[in-house]
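The values are calculated or read from the model by the stated rules, or taken from the named source; none is laboratory data. Keep in mind the model is a prediction, meaning the values are calculated, not measured. Heads up, the Cβs are rebuilt from the backbone with ideal geometry, glycines too, and the neighbour counts pull from every protein chain shown.
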Amino acid sequence: MTFINNLLLVFSYRAVSAVLRKLIVRLAIGLSLLFLSACSLTGVPDGLSPVSGFELDRYLGRWYEIARLDHRFERGLQQVTAEYSLNADGSVKVVNSGVSESTGKRKTATGRARFVGDAALGHLKVSFFGPFYGSYVIIELDSDTYNHALVAGPSRRFLWVLARQPELDDVVYQSLVMRAKESGFAVEQLIKVVH
């Protein structure tokens, strides 16, 4: 009888081993798909193009968020700014901060940005945690003075109107909103930021 019991144990071990192998393969496939989907977050939304002739040195410094489409990582924040500076390795240090409407406390997130391709195109990828990046696509920029910009994310669910000052001339603001509307963004959902 012990021979049969031992034989059953071997077969059950092989069955469990086969189930575990299948589970590991499925897990590996799932993680690979997750990784690939994270990588796709650095693209440019269909039909849009980043600005050309981009000069990073002129873009560095403080920008004020004038308006944005709502998303969870900035929800409830006012007085939002972004500070861009050059890291020693050539990447861009990104410091985003804003004041919580509910607590009155300033929240800050520090990240890193890198060009996706050509440094003369306003298309970067930004990470605030680990290897996960999201697109930062400058689709409109005041190329004379670098005083205002229209920035998209990886999809049309992300949009920011930025300026060098806390206030933006209404004519300029409306022209940026019109550009965003023509590009397919839901501009009626823009949140104006109070400074």
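State all residues of region 56-83 that are part of a strand (DSSP E or B), within 16 Å of Phe128 (Cα to Cα) and within 15 Å of the chain's Cα centre (by Cα); if no residue qualifies, say none.
Once the filter is applied, which keeps residues that are part of a strand (DSSP E or B), within 16 Å of Phe128 (Cα to Cα) and within 15 Å of the chain's Cα centre (by Cα), region 56-83 yields only Ala82.
How do the pairs read when you match residues in region 165-176 that are more than 13 Å from Val193 (Cβ to Cβ) with residues anywhere that are surrounded by 11 or more Cβ atoms within 10 Å (Cβ to Cβ), using Cβ under 7 Å and keeping only pairs 6 or more apart or on different chains?
Val172/His148; Leu176/Glu140; Leu176/His148; Leu176/Leu150; Leu176/Val161
Is it true that some residue in region 125-142 is more than 23 Å from Gly53 (Cα to Cα) and charged (D, E, K, R)? Spell out the reasoning first.
The first filter runs over region 125-142 and keeps only residues more than 23 Å from Gly53 (Cα to Cα), leaving 127-133.
Still in the list and also charged (D, E, K, R): none.
Looking for residues that are more than 23 Å from Gly53 (Cα to Cα) and charged (D, E, K, R), one finds none in region 125-142, hence no.
Of all residues in region 160-177, count the ones that are more than 17 Å from Arg68 (Cβ to Cβ) and part of a helix (DSSP H, G or I).
The number of residues fulfilling the criteria is 3.
Look through region 37-55, keep the residues that are loosely packed, with under 13 Cβ neighbours inside 10 Å and part of a helix (DSSP H, G or I), and return whichever of them is modelled with the highest pLDDT.
For region 37-55, the residue satisfying everything is Ser40.
Return yes when Phe185 is assigned to a strand (DSSP E or B) and among the aromatic types (Phe, Trp, Tyr) and no when it is not.
Values: assigned to a strand (DSSP E or B): no; among the aromatic types (Phe, Trp, Tyr): yes.
No, not satisfied.
Conditions (1) under 17 Å from Gly98 (Cβ atoms); (2) surrounded by 16 or more Cβ atoms within 10 Å (Cβ to Cβ); (3) basic (Lys, Arg), marked per residue:
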position	(1), (2), (3)
His123	no, yes, no
Phe128	yes, no, no
Gly134	no, yes, no
Thr145	no, no, no
Ala149	no, yes, no
Gln174	no, no, no
Ala186	no, no, no
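Considering only residues that are out of contact with any strand residue (DSSP E or B) (no Cβ under 8 Å at 6 or more places or on another chain) and among the hydroxyl-bearing types (Ser, Thr, Tyr), look in region 120-152 and name the one that is farthest from Gly184 (Cα to Cα).
Thr145
Just wondering, is there one or more residues in region 123-137 that are assigned by TED's automatic domain parsing to the domain that holds Ala88, closer than 16 Å to Tyr64 by Cα and outside any loop (DSSP other than H, G, I, E, B)? Step through it out loud before you land on a result.
Pass one, region 123-137, residues assigned by TED's automatic domain parsing to the domain that holds Ala88: 123-137.
Subsequent filtering for residues that are closer than 16 Å to Tyr64 by Cα retains 136.
Within this subset, residues satisfying the condition of being outside any loop (DSSP other than H, G, I, E, B) are 136.
Yes, the conditions are met somewhere in region 123-137.
Somewhere in region 160-168, is a residue buried (at least 18 other Cβ atoms within 10 Å of the Cβ) and either among the aromatic types (Phe, Trp, Tyr) or within 20 Å of Asp46 (Cα to Cα) (or both)? Give the derivation first.
Kept after step one, since they are buried (at least 18 other Cβ atoms within 10 Å of the Cβ), are these residues of region 160-168: 160-163, 168.
Applying the additional criterion that residues be either among the aromatic types (Phe, Trp, Tyr) or within 20 Å of Asp46 (Cα to Cα) (or both) yields 160-161.
Within region 160-168, one or more residues are buried (at least 18 other Cβ atoms within 10 Å of the Cβ) and either among the aromatic types (Phe, Trp, Tyr) or within 20 Å of Asp46 (Cα to Cα) (or both).
Tally the residues that are among the β-branched types (Val, Ile, Thr) and in contact with a helix residue (DSSP H, G or I) (Cβ under 9 Å, 6 or more places away or on another chain), restricting the search to region 76-97. Step through it out loud before you land on a result.
Step one: of region 76-97, the residues among the β-branched types (Val, Ile, Thr) are 80-81, 92, 94-95.
Now drop any that are not in contact with a helix residue (DSSP H, G or I) (Cβ under 9 Å, 6 or more places away or on another chain), which leaves 80, 92.
Result for region 76-97: 2.
Report yes if some residue within region 83-100 is at pLDDT 95 or above, exposed (fewer than 13 other Cβ atoms within 10 Å of the Cβ) and under 26 Å from Lys192 (Cα atoms); otherwise report no.
So far as region 83-100 goes, yes, one or more of its residues are at pLDDT 95 or above, exposed (fewer than 13 other Cβ atoms within 10 Å of the Cβ) and under 26 Å from Lys192 (Cα atoms).
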